[in-house]
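First up is the structure itself, then whatever we jot down about it.
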Amino acid sequence: MATKLSSAGGAPVKRSDISGFYKKSPDERWQTIREFGELEPAEVDTIRNTGALRFEQVDRMIENVVGTMPLPLGIAVNFQVNGKDYLIPMAIEEPSVVAAASNAARIAREHGGFTTSSTGPIMLGQIQLVGIPDPNGARITILSHRDEILSIANEKDPMLVKVGGGARDIEVRVLDSKRGPMVITHLVVDCRDAMGANAVNTMAEAVAPHLEKWTGGRVYLRIISNLAVRRLARSRAVFGKESLKTDTLPGEEVVEGILEAYAFAEADPFRCATHNKGVMNGIDAVVVATGNDWRAIEAGAHSYAAWKSNGYRSLTAWEKDASGNLVGTIELPMAVGLVGGATAVHPTAKANVKLLGVKSAQELGEVIASVGLAQNFAALRALATEGIQRGHMSLHARNIAATVGAVGDEVDRVVEVLVKERKVRMDRAKEVLTDLRAKKH
Ligand code: MEV
């Protein structure tokens with residue numbers, strides 16, 4: 001039997017300590033999860049459906065594979081960045097995000113769309129040295145070996161060097177820690193169109209023994225930093241006040257409301273977390289759609305939000321220009337790549353990158369930053385006016401209607417009632433559907 005089920009005086013006890021799960025054939029893995037989770041055959045079929053990918057492909061990507069976890073892929077329209085039009089693929093399960101981004105981009109477009117810039121694609125690799133009695137002396141020793149360190153690092157990635165990237169410089173810091181001073185060497189690496197984790201980690205590991213030899217210290221960690229302060233993407237857009245008005249509020253008041261919302265986020269980390277979460281709704285969706293590492297982007301964004309000033313702050317800034325229009329800006333780390341990783345092998349990610357038409361990782365990063373700015377604008381505008389629930393409500397109501405079993409035109413009719421009554425709840429949806437069907441007969 002595939003699953004480890006042992007019996008402790010009656011009911012079988014499920015055990016997850018299955019050694020060599022990865023060695024099992026796909027059929028055995030499905031059998032194991034079916035027994036363990038008491039899954040129906042149809043449920044296992046759902047899990048094992050690999051969509052646009054072949055099972056062999058996903059089986060090579062990670063370990064212990066049993067299937068894939070599909071997400072909706074939507075296209076945000078209206079984006080114009082540096083005068084170029086883009087259709088933006090967004091992979092996300094949350095209703096309203098794609099519509100909100102498209103709507104914000106439409107308003108930004110009236111004033112020329114998004115204007116962007118970036119630093120170079122520079123990442124930092126960290127090498128931690130401990131047990132050094134003279135950390136300041138060790139620092140100077142390491143710095144005196146700069147050129148040698150750079151060539152040791154660059155020998156590890158001739159391809160990166162060939163395309164114009166590679167280790168460029170080093171920085172050495174003496175860090176006070178609760179276990180005493182540490183000497184932290186930063187390898188400054190130009191990653192070109194790669195996200196860079198593999199290149200940087202390999203370089204850091206190659207350099208480490210030399211640092212031990214020169215300083216007499218002991219190396220522990222050798223790893224990239226996701227606080228990518230040298231790989232920033234920036235975007236700016238103007239949102240015309242006339243386009244911000246609602247049925248009940250003039251544009252000027254909406255601008256004021258958005259500025260109040262921004263001030264709230266800047267003053268309060270409880271609000272700021274949610275404000276930045278709204279930014280990341282847009283950013284992560286494109287990062288996922290292009291097969292990039294969204295955990296790295298999340299870690300970079302939030303650590304940057306705390307590092308750039310005193311305390312955790314907004315990733316965006318909102319102001320009013322001389323005409324009273326709203327000006328939004330964003331600046332954040334954007335460690336995305338086009339070569340290596342899932343971006344290069346995942347067929348949907350590859351197609352999405354082609355659809356985006358980006359020619360470099362830097363261009364991709366700037367487009368993504370623009371989506372983050374658009375998303376934040378859309379959220380603040382909704383929050384400062386009618387509130388977020390109204391926009392969410394009809395999509396949410398559609399989900400609820402489908403969940404309670406509405407099909408065909410029943411979905412629209414259930415949604416209509418739930419939204420009108422502002423009761424987007426499962427119990428009410430069931431009642432409405434039952435009434436509807438009763439009236440039909
Ligand atoms: C919801 O996913 C995102 C928002 O909460 C963002 C915000 O509050 O700014 C609406």
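The values are calculated or read from the model by the stated rules, or taken from the named source; none is laboratory data. Since we're looking at a predicted model, the values are computed, not measured. In this analysis, Cβ positions are derived from the backbone assuming ideal geometry, glycine residues included, and neighbour counts consider all displayed protein chains. Surface areas here come from the heavy atoms of the whole protein model, side chains and all, with no ligands, DNA or RNA. Shrake-Rupley method; radii C 1.70, N 1.55, O 1.52, S 1.80 Å.
Computed values, structure above
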quantity: Complete set of residues in the range 395-418 that are open to solvent by 50 Å² or more (accessible area, probe 1.4 Å) and part of a helix (DSSP H, G or I); calculated: L395, H396, R398, N399, A402, T403, D409, D412, R413, E416
quantity: Checklist (1) free of Cβ contacts under 8 Å to residues at least 24 places away in the same chain; (2) open to solvent by less than 40 Å² (accessible area, probe 1.4 Å) applied to V161, failing item; calculated: (2)
quantity: All helices (runs of 4 or more DSSP H) inside the range 337-387 with 1 or more residues being within 16 Å of the ligand (Cβ to nearest atom) and open to solvent by 40 Å² or more (accessible area, probe 1.4 Å); calculated: 361-384
quantity: Qualifying positions in the range 255-287 - surrounded by 20 or more Cβ atoms within 10 Å (Cβ to Cβ) and more than 15 Å from the ligand (Cβ to nearest atom); calculated: V255, V286, V287
quantity: Where I149 falls short, out of the listed (1) open to solvent by less than 50 Å² (accessible area, probe 1.4 Å); (2) part of a strand (DSSP E or B); calculated: (2)
quantity: Selected residue (only one of I18, I47, I75, I88 is assigned to a loop (DSSP other than H, G, I, E, B) and surrounded by 13 or more Cβ atoms within 10 Å (Cβ to Cβ)); calculated: I18
quantity: Which numbered condition R222 fails, given (1) open to solvent by less than 60 Å² (accessible area, probe 1.4 Å); (2) touching a strand residue (DSSP E or B) at 6+ places or on another chain (Cβ under 7 Å); calculated: (1)
quantity: Test: residue in the range 228-242 that is within 14 Å of the ligand (Cβ to nearest atom), under 22 Å from the mean Cα position of the chain (by Cα) and aliphatic (A, V, I, L, M); calculated: no
quantity: The range 425-441 residues that are assigned to a helix (DSSP H, G or I), paired with ones that are surrounded by fewer than 17 Cβ atoms within 10 Å (Cβ to Cβ) and of a type in the set (V, I, T) (beta carbon under 7 Å, 6 or more apart); calculated: M426/T403
quantity: Filter pass, A299 being in contact with a helix residue (DSSP H, G or I) (Cβ under 9 Å, 6 or more places away or on another chain) and either part of a helix (DSSP H, G or I) or more than 19 Å from G391 (Cβ to Cβ) (or both); calculated: no
quantity: Exclusive hit being touching a Lys or Arg at 6+ places or on another chain (Cβ under 8 Å) and either surrounded by 20 or more Cβ atoms within 10 Å (Cβ to Cβ) or outside any helix (DSSP H, G or I) (or both), set G291, G311; calculated: G291
quantity: Residue list for the range 117-145, filter: part of a loop (DSSP other than H, G, I, E, B) and touching a strand residue (DSSP E or B) at 6+ places or on another chain (Cβ under 7 Å); calculated: T119, G120, P121, G131, I132
quantity: Residue under evaluation R54, criteria (1) within 22 Å of the chain's Cα centre (by Cα); (2) over 30 Å from F239 (Cα atoms), criterion not met; calculated: (1)
